[in-house]
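Student: Below you will find the structure I want to go over with you.
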Amino acid sequence: MRISRRQALALGIAAPALLRFGQARAATTLKISHQFPGGTATEGDFRDRLCRRFAALIQERSKGAMTAEIYPGSSLMKTNAQVSAMRKGALDMSLIPISYAGGDLPELNIGLMPGLVTGYDEGLGWKNKPIGQEFSKFLAAKGLVIITWIWQAGGVASRARPLVEVADAKGMKIRGGSREMDLVLQAAGASVLSLPSNELYAAMQTGACDAALTSSTSLTSFRLEELAKHLTTGRAKSYWFMLEPLVMSKAVFDRLSSEERDIIVSVGAELEAFGRTAAMEDDVRVAKVYQAAGATVHDLDDKTVQAWRELARDTAWKDYANKNENCARLIKLAMEAGS
C-alpha cells in the first residue's frame with residue numbers, strides 16, 4: 001500500500017514521540033517535596049539527607065529503573081498543599097509532619113498528640129503494633145502510604161522568657177504545631193497561632209510569635225537561634241513527639257510494579273534507623289547551637305513532663321477521642337502501646 005507524503009511525515013513525527021513515551025514509561029521518576037532546607041546526601045537537615053539517601057538507594061536497587069527528584073524548601077508546592085496533592089496522586093512523595101493535614105483528617109493529629117508518646121522506642125514501636133497497623137489502614141483508605149516512620153522529639157524556642165513549666169505559657173503567643181497541642185497551650189493560658197515551621201522565623205522576627213514548639217532539627221535548620229533568648233530541649237525528656245514520616249501517594253504506589261514496590265518498602269524501612277539516630281543527635285546538637293548563640297538552655301524533668309501530660313490527657317486526648325470512632329479507637333490503641 002502506498003502512503004502519501006503527508007502520511008509519511010506524520011509517521012516520521014509520531015515514531016520518535018512513541019519512543020520518548022516508551023522511555024518515560026520504562027523509567028519511573030518520583031518527585032519528593034518537603035519544606036526543609038536543601039543540602040546534600042551528607043550535609044544539612046537530616047530530613048533532606050534522608051530523602052536523598054532514599055533516592056540514591058532506589059536508583060541503585062532498581063538498576064536505574066526508578067529515580068527520584070528532591071524539591072526542598074517547598075519549592076515544588078506549598079507545604080500545606082502536599083498531603084492533599086498526594087491523596088489525589090498529583091504529588092508522588094513528601095516528608096512532612098503528618099499532623100499538618102489534621103484539619104481535613106482529624107485522625108492524623110495523633111501524630112502530634114502532646115504527652116502520648118514518651119520516647120523514640122515507643123513511637124517507632126507503633127509500626128508493628130495494632131496502633132500502627134490501624135493508622136496505616138486508615139491512611140491507605142485516604143490515599144497515603146507511610147514509607148519511612150520518623151519520630152522527632154520537640155523543643156521550644158522563645159524570644160523573651162522561657163517556656164518550661166505549664167504556668168510559663170500564660171500570656172504568650174505560641175505556635176504549637178497541631179490542634180491538640182494548641183488546646184493544651186490554650187488551657188495553660190496562651191494564645192496560639194498556626195503556621196508551618198518554615199514560616200516561624202518571620203513570625204518570631206516580627207513579634208507575632210513569642211515561642212515556637214517544633215522539632216530539634218527545625219529549631220536549627222530554620223535558624224531560630226538568631227532570635228531566641230531561651231531554648232527548652234527534648235534531649236533528655238519531652239512532653240511531645242512528632243510523627244514526621246516519608247509518605248507516598250497510594251495511587252502512585254499502586255501503579256508501580258511489585259518489584260518496584262518491594263524496593264520502595266525495603267529501602268524505606270532501612271532508613272528508619274538513620275532517621276532515629278539523626279533525630280537523637282539533633283536533640284543534643286540543638287542545645288550546643290543555642291548556647292553558642294547566647295541563649296539560655298533548659299531541660300525538662302519528670303515532674304514537669306508529667307504536669308504537661310496530665311493537662312494534655314484532660315484536654316487534647318479527650319477532645320480527640322470525642323471526634324469520631326476512628327479517633328477514639330486510635331488513641332485507645334496508642335495508650336495500650338505505651339503501657
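The values are calculated or read from the model by the stated rules, or taken from the named source; none is laboratory data. Since we're looking at a predicted model, the values are computed, not measured. Every residue, glycine among them, receives a Cβ derived from its backbone with ideal geometry; neighbour counts consider all protein chains shown. We work out accessible area using only protein heavy atoms, side chains counted, and drop any ligands, DNA or RNA first. Shrake-Rupley method; radii C 1.70, N 1.55, O 1.52, S 1.80 Å.
Student: Taking Cα atoms, how many degrees apart are the long axis of helix 46-61 and the longest axis of the chain, rounded to 10 and kept between 0 and 90?
Tutor: 30
Student: With every protein chain present, what is the per residue accessible area of the chain (1.4 Å probe, Å²)?
Tutor: Per residue, the chain has an accessible area of 45 Å².
Student: Could you give me the ³J(HN,Hα) list for segment 329-339, computed from phi with Karplus coefficients 6.51, -1.76, 1.60 and θ = phi - 60°, whole Hz, x at Gly and Pro?
Tutor: Ordered by residue, 3J(HN,Hα) equals 5, 5, 5, 4, 5, 5, 5, 5, 5, x, 7 Hz.
Student: Something else: Would you mind checking which residues have amide H under 5 Å from LYS31's amide H? H placed 1.01 Å from N; only 5 or more apart, or other chain.
Tutor: GLU69, ASP92, MET93
Student: Once the piece of chain linking THR277 and THR67 is laid out straight, how much longer is it, given 0.36 nm per residue of separation minus the C-alpha distance between them?
Tutor: Stretched fully, the THR277-THR67 segment lengthens by 73.1 nm.
Student: If you don't mind, there's one more thing I want to ask. Can you give me the % of accessible surface on the chain that is carbon or sulfur? Probe 1.4 Å, all protein chains present, nothing else counted.
Tutor: Accessible surface attributable to carbon and sulfur in the chain totals 52 percent.
Student: Pairing the Cα long axis of helix 258-292 with the longest principal axis of the chain, what angle in degrees results, from 0 to 90 and rounded to the nearest 10?
Tutor: Roughly 40 degrees between the two axes.
Student: Given H placed 1.01 Å from N in the peptide plane, which residues other than close sequence neighbours of LEU193 have an amide H under 5 Å from its amide H?
Tutor: ILE174, ARG175, GLY176
Student: Let me ask something else. Mean-square fluctuation check for the chain, GNM, Cα pairs under 10 Å: which of MET93, MET248, MET77 is largest?
Tutor: Ranking MET93, MET248, MET77 by mean-square fluctuation puts MET77 first.
Student: Let me ask you something else. Under the classification rounded if a/c is under 1.5, otherwise prolate if a/b is larger than b/c and oblate if not, where does segment 60-212 fall, given a ≥ b ≥ c as square roots of the Cα gyration tensor eigenvalues?
Tutor: prolate
Student: Please work out whether segment 203-264 counts as rounded, prolate or oblate from its C-alpha gyration tensor, where a ≥ b ≥ c are the square roots of the eigenvalues and a/c under 1.5 means rounded, while otherwise a/b larger than b/c means prolate and anything else oblate?
Tutor: Here segment 203-264 falls in the prolate category.
Student: Which entry is the computed Rg and Dmax of the Cα atoms in Å for this structure: [x] 22.3, 89; [y] 27.7, 98; [z] 19.7, 62?
Tutor: Answer by label: [x].
Student: Note the angle between two axes, namely the Cα long axis of helix 5-26 and the longest principal axis of the Cα atoms of the chain, as a number of degrees from 0 to 90, rounded to the nearest 10.
Tutor: Once rounded, the angle reads 40 degrees.
Student: Which one of TYR120, ILE131, HIS34 is farthest out on the positive end of the charge dipole of the chain, using unit charges on Cβ (Lys, Arg +1; Asp, Glu -1) and the Cα centre as origin?
Tutor: Highest projection toward the positive end goes to HIS34.
Student: Which value, in debye to the nearest 20, describes the size of the charge dipole of segment 127-197 about its Cα centre when Lys and Arg Cβ atoms bear +1, Asp and Glu Cβ atoms bear -1, and nothing else is charged?
Tutor: Charge dipole of segment 127-197: 140 debye, to the nearest 20.
Student: Calculate the spin-label point distance for SER136 paired with GLU43, positioning each point 7 Å from the Cα along the beta-carbon direction, and give it in nanometres.
Tutor: A separation of 3.7 nm, rounded to one decimal place.
Student: Now a separate question. For the chain, what does the helix formula give at 222 nm: sum of -39500 (n - 2.57) over DSSP H segments with n ≥ 4, over the residue count, nearest 500 deg cm²/dmol?
Tutor: -14000 deg cm²/dmol, from helical runs alone.
Student: Continuing with this model, one more query. Step through the residues of segment 126-132 one at a time and calculate ³J(HN,Hα) from phi using the Karplus curve (6.51 cos²θ - 1.76 cosθ + 1.60, θ = phi - 60°), rounding each to whole Hz and writing x for Gly and Pro.
Tutor: The phi angles translate into 4, 3, 9, 10, x, 5, x Hz.
Student: Which of SER215, SER136, SER258 moves most in a GNM of the chain, Cα contacts under 10 Å?
Tutor: For the chain, modelled as a Gaussian network with Cα springs under 10 Å, the answer is SER258.
Student: May I pose another question? For segment 205-339, rounded, prolate or oblate, judged on the Cα gyration tensor with a ≥ b ≥ c (square roots of eigenvalues), a/c < 1.5 rounded, else prolate if a/b > b/c?
Tutor: oblate
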